[in-house]
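One structure is given below, encoded as structure tokens.
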Amino acid sequence: MNRIVAAMLLCFSFLSVYTLWGQEKETLVMIDTDMGKIKVKLYNETPQHRDNFIKLINEGRYDGLIFHRIIKQFMVQGGDVTSKDAPIDKPLGDGDLGYTVPAEIVYPKYFHKRGALCAARTGDDTNPERASSATQFYIVTGKFFTDMELDKKEAEEGIKYTPEQREAYKIQGGAPHLDNKYTVFGEVVKGQDVVDKMHLVATNDKDRPLKNIKIKSMKVVTK
């Protein structure tokens, strides 16, 4: 009898640990910019991207960098390590840290809805593994889609959108053409209005804002 009780206690212990793991809190990050604050959460299902992002934040790698690429109805992009104090005419977009992060594409659970935090990368021709940039990221603004437009994309790309995706792309907007191609490792939980203001600024022919939008600081926060 004692052995049975012991076995049951051990089983409950494993279940308790599993429950705790399943309820692991997601990391929150505050991005303080010239245009306001953006709070994002990092997904635990993309641990290598999460841990790399946290490491860079704690090292202060993002402080002083700018959002160097902004495209209306698409996204705002930052993280080029050469963008700090860069002259307004300096080409940007290639600055990185000399390593990549293996792709962690969790699709269709995580997709390119409005507010998605995603890792930038080089194209499939030179990067068939779809590994992510060490530092560069983008936040989706996107545009709204109709059922007819989504039906057409399904036919063209041979995919099937989930009901959640359809609702998000119709009501919130997004960038479905990037789904299952780039790692989505988090999302905005507060301050999407700041991102929306950013994507409306004037840019040059290289999609760089005519007036710098600086990341004043990034910090891991508790709430």
- Message: Of everything in region 76-119, what is among the polar types (S, T, N, Q) and open to solvent by less than 30 Å² (accessible area, probe 1.4 Å)? Give them in sequence order.
- Response: Q77, S83
- Query: Restricting attention to region 120-146, which residues are without any contact (Cβ under 8 Å) to a residue 60 or more places away in the chain, of a type in the set (D, E, K, R) and surrounded by 14 or more Cβ atoms within 10 Å (Cβ to Cβ)?
  - Reply: R130
- Message: What pairs come out if I take residues in region 66-80 that are without any contact (Cβ under 8 Å) to a residue 60 or more places away in the chain and pair them with residues that are among the aromatic types (F, W, Y) whose C-beta lies under 8 Å away, six or more apart or interchain?
- Response: G79/Y62; G79/F137
- Message: Out of the residues in region 43-58 meeting the condition of being in a helix (DSSP H, G or I) and in contact with an Asp or Glu (Cβ under 7 Å, 6 or more places away or on another chain), tell me which one is surrounded by the fewest Cβ atoms within 10 Å (Cβ to Cβ).
- Response: Q48
- Consider S16 carefully, then state whether it is over 26 Å from F111 (Cα atoms) and modelled with pLDDT of 90 or more. no
- Can we say K109 is more than 19 Å from T203 (Cα to Cα), of a type in the set (K, R) and touching a Pro at 6+ places or on another chain (Cβ under 8 Å)? no
- Task: Tell me, yes or no, whether region 127-145 has at least one residue that is at pLDDT below 95 and assigned to a loop (DSSP other than H, G, I, E, B).
- Result: no
- Number of the condition not met by K90 [criteria: (1) among the basic types (K, R); (2) at pLDDT 95 or above; (3) closer than 19 Å to L210 by Cα]: (2)
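The values are calculated or read from the model by the stated rules, or taken from the named source; none is laboratory data. Every value quoted in this text rests on a predicted model; they were computed, and no experiment measured them. Here the Cβ is made from the backbone with ideal geometry for all residues, glycine too, and neighbour counts use every protein chain on show. Ligands, DNA and RNA are stripped out before the accessible areas are found, and what is left, the full protein with its side chains, is counted by its heavy atoms. Shrake-Rupley method; radii C 1.70, N 1.55, O 1.52, S 1.80 Å.
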